Amino acid sequence: MLNNHGFDVWFGSYDFSVREADANNQYPFAEYTNLMNAIYGTIMNYSPVKIFDIGFGTALLTSKLYDAGNYITGIDFSSEMLKIASLKMPKANLLQWDFSRGLPPALNNQSFDFIVSTYALHHLTDDVKAGFISSLLNLLEATGVILIGDVCFRTRGGLLLCKDTWGDNWDDSEAYFVFSELQERLTPICDLAFHEFSFFAGVIEIR
Ligand SMILES: C[S@@+](CC[C@H](N)C(=O)[O-])C[C@H]1O[C@@H](n2cnc3c(N)ncnc32)[C@H](O)[C@@H]1O
């Protein structure tokens, strides 16, 4: 699993590697563009809104939402990703923060219409992930929605099948989402839905 320095190194070629994998229908970024466009379209139905992006990276998604007049807050632990995102979104509230430490205190008392995170939260273990997502509910407006786009499987069986298919290319250090397991953990406190985009990518919608 990459730490913040790993992402500092990857930032220059990130957009290219994502496009390549998407175009060739490859793990882990097949359907990346469609998934991002779907999240963009959902949010734009309500624009302008307040959005919190977790692990914004090179801001491929949020810079488009920013350009369309939405209000962006975001966290990422990579200083290089932060530099790129700040250039694209000079007036956004972007913080360098490691989300494995929870949420930054600077966000206490803030609220958002949408909380988005794409291809970032699989860096948390399943236990930590569930706790972190629960804490996000406190930052949501009453009608707010959390949209998590990532490598995600409906069941553990789907994940194991994909792992077999991709063999040596599979990254065992990532804790990819298994929707049924997350749903079991979080159903007592929120409603969850899963929108599948490919054999191994999807959007989890939480209200
Ligand atoms: C694969 S990139 C995804 C970027 C962007 N959301 C996208 O979909 O193109 C993952 C991003 O999450 C950030 N990230 C990973 N682990 C993190 C952590 N523990 N705290 C904060 N940011 C983290 C990385 O720096 C990187 O920018």
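The values are calculated or read from the model by the stated rules, or taken from the named source; none is laboratory data. These numbers come from a predicted model, not from an experiment. Positions of Cβ are backbone-derived with ideal geometry, glycine not excepted, and every protein chain shown enters the neighbour counts.
Quick notes
- Hey, F194 part of a strand (DSSP E or B) and more than 16 Å from the ligand (Cβ to nearest atom) or not: yes
- Any hit, region 88-111, residues being touching a residue at least 60 places away in the same chain (Cβ under 8 Å) and part of a strand (DSSP E or B): no
- Candidate set from region 97-128 (those that are within 17 Å of A85 (Cβ to Cβ) and in contact with an Asp or Glu (Cβ under 6 Å, 6 or more places away or on another chain)); member that is modelled with the highest pLDDT: V116
- Count of residues meeting criterion [of a type in the set (A, V, I, L, M, F, W, C), free of Cβ contacts under 8 Å to residues at least 40 places away in the same chain and over 12 Å from R154 (Cβ atoms)] in region 164-191: 0
- Within region 48-81, the set of residues being surrounded by fewer than 23 Cβ atoms within 10 Å (Cβ to Cβ) and part of a helix (DSSP H, G or I) comprises S63, K64, Y66, D67, S79, E80.
- Every residue from region 38-64 that is out of contact with any strand residue (DSSP E or B) (no Cβ under 6 Å at 6 or more places or on another chain) and away from the ligand (no atom under 12 Å from the Cβ): A38, G41, T42, M44, N45, Y46, S47, P48
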